Amino acid sequence: MIEKYPLRGTQLASRVLDGEVIIMSAADSTLFSLNPVASVIWQAADGRTPLSAIVREHICEEFDIDPETASRDAEAFAEELKSHGILQLLDGPIPAAPQATESA
Amino acid sequence: MSLVQELNNKALRLGVPLSVHLDVTYRCNERCEHCYLEHDDRGEMSSSEIYDVLQQLASAGVFFLTISGGEPLVRRDCMEIIGRARELGFNVKLKTNAVLIREKEAIRLRELGVEQVQISIYSHRSEVHDSVTKLPGSLRRSLAGIRLLRKHGMKVTLANVLMRSNLADGEGVRALAAEVGANYRIDPTVTPMMNGNTDILRLRVPTSELHSIFRNSDLVGDVETFCAPPPPVDDGIREGYPCSAGHTACYVSPYADVFPCVQFPLPCGNLRGEKFIDIWERSPQMLEVRSIRGKDLPTCSSCSHLGTCTRCPGLAYMEGNMRGPSSADCEKSFVRTGIVTAGMLARRGTANPRDLVQISSM
Ligand code: SF4
Ligand code: SF4
């Protein structure tokens, strides 16, 4: 699998409410509520951490899922978030410049 | 249940103020005849005070933030305030008259990811619009701003406050909205000034006209549903709370005062001396507003309209009793359905001289 680097979109509003991430896209005023795994991907999506590392460091541990299932789920969720414009999936990491990567 | 409803229910359960309306100034470049504000600056929050408030609101879980005024863009730091709000993850809606929006501002709002901009337009005719705003050329300038916002992909809503003076122009504004690709919203409610002055209520749409507005499907959707008799009042309605004010929403003024709603001027605390979360969770006024259920309303609890009435506790408060009927909503309930309201009957008995709207029979 080619490594992907998830990055949060910039035209979004988000808030964590009782552990659940809610997101509203300014582009089409659609509201999303992310499930726990998708929430973890979203929160770690800084454009510099590869999806495999997010799976390894967060998802497997926090949800006690085996690595294979976790990767499959994470890839599916990441693709879905991408299809709604919530995430970009970059082919390489963005250069380290924190202020340019923080999305609202 | 829609996701928005679910989110609201969750916020209610958790006691989170999901939506906050923040006025960053009461100053304005227009002088609208129906405006409920005094425009002199009595000590607005500085940029850094506002940034601190925004931080506190984000920590309290606020998600939907309306930035308004006065005219927010008369503040030179308005874009920085919006930028800060976006960095903190708020979904930002900006209410402006758009007079000060040029290319640069339109581009910036888009870049910042502001979700939508709402602009009050009173008529498609300059002579009518400008006579409401008292600013010559204001329709032309607002429209130029609106077109720029649309050009740069911003979602725009034209809010059309209907009054005696512009009643005939609702259709014109609707057509204008369609032409520029904006949404259209009517509002037939003129509210008293925040200082309690009720003079401007004379501008309200007269009852006879309200009747035809409520029967115009272009304006209200399905007339039969809109004007249907209210459902029987059951326990769910009696145990229900009137609106989001103080439950999942509140208002912050440019002077750092916190109120349950922009239309509910019950002072609950001031952010210059207290933390937002303390006011929200513990102020006696907020707790009182939060405690009121349908069954606790002396007149309305016996009213057949209780389940569908748009009764505004803020307007009721301005009439002297937050648990009382709001006469504007009493009037609307009656005009919609033709069914006499408990508030009307009570007033017939007491002939309260503070009545805001005289309900005449149709
Ligand atoms: S009903 Fe009145 S007090 Fe309640 S949210 Fe609406 S305007 Fe505010
Ligand atoms: S119609 Fe009047 S009396 Fe009845 S619930 Fe509404 S405000 Fe109260």
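Of note:
- Top-ranked residue of the stretch B:296-313 - restricted to ones that are away from ligand 1 (no atom under 15 Å from the Cβ) and among the polar types (S, T, N, Q), ranked as most open to solvent (accessible area, probe 1.4 Å): B:Ser302
- Of all residues in the stretch A:6-28, those satisfying the criterion of being surrounded by fewer than 20 Cβ atoms within 10 Å (Cβ to Cβ), free of Cβ contacts under 8 Å to residues at least 60 places away in the same chain and of a type outside the set (Gly, Ala, Ser) are A:Val16, A:Leu17, A:Asp18, A:Glu20, A:Asp28.
- Criterion (more than 10 Å from every other protein chain (Cβ to nearest Cβ) and open to solvent by less than 10 Å² (accessible area, probe 1.4 Å)) met by exactly one of B:Leu65, B:Leu54: B:Leu54
- Within the stretch A:29-56, considering residues that are free of Cβ contacts under 8 Å to residues at least 12 places away in the same chain and more than 9 Å from every other protein chain (Cβ to nearest Cβ), the one least open to solvent (accessible area, probe 1.4 Å): A:Ala53
- Those residues of the stretch B:33-51 which are of a type outside the set (Lys, Arg) and open to solvent by 40 Å² or more (accessible area, probe 1.4 Å), in sequence order: B:Glu33, B:Tyr36, B:Glu38, B:Asp40, B:Asp41, B:Ser46, B:Ser48, B:Glu49, B:Tyr51
- Selection count where residues are more than 12 Å from the chain's Cα centre (by Cα), within 11 Å of another protein chain (Cβ to nearest Cβ) and not β-branched (Val, Ile, Thr), scope the stretch A:1-13: 3
- Yes/no for B:Ser327 being away from ligand 1 (no atom under 13 Å from the Cβ), under 16 Å from B:Ile237 (Cβ atoms) and hydroxyl-bearing (Ser, Thr, Tyr): no
The values are calculated or read from the model by the stated rules, or taken from the named source; none is laboratory data. All figures in this text were calculated on a predicted structure; none of them were measured in a lab. As a convention, Cβ positions derive from the backbone with ideal geometry for all residues, glycine included, and neighbour counts pool all protein chains shown. Heavy atoms of the whole protein, side chains included, go into the accessibility calculation; ligands, DNA and RNA do not. Shrake-Rupley method; radii C 1.70, N 1.55, O 1.52, S 1.80 Å.
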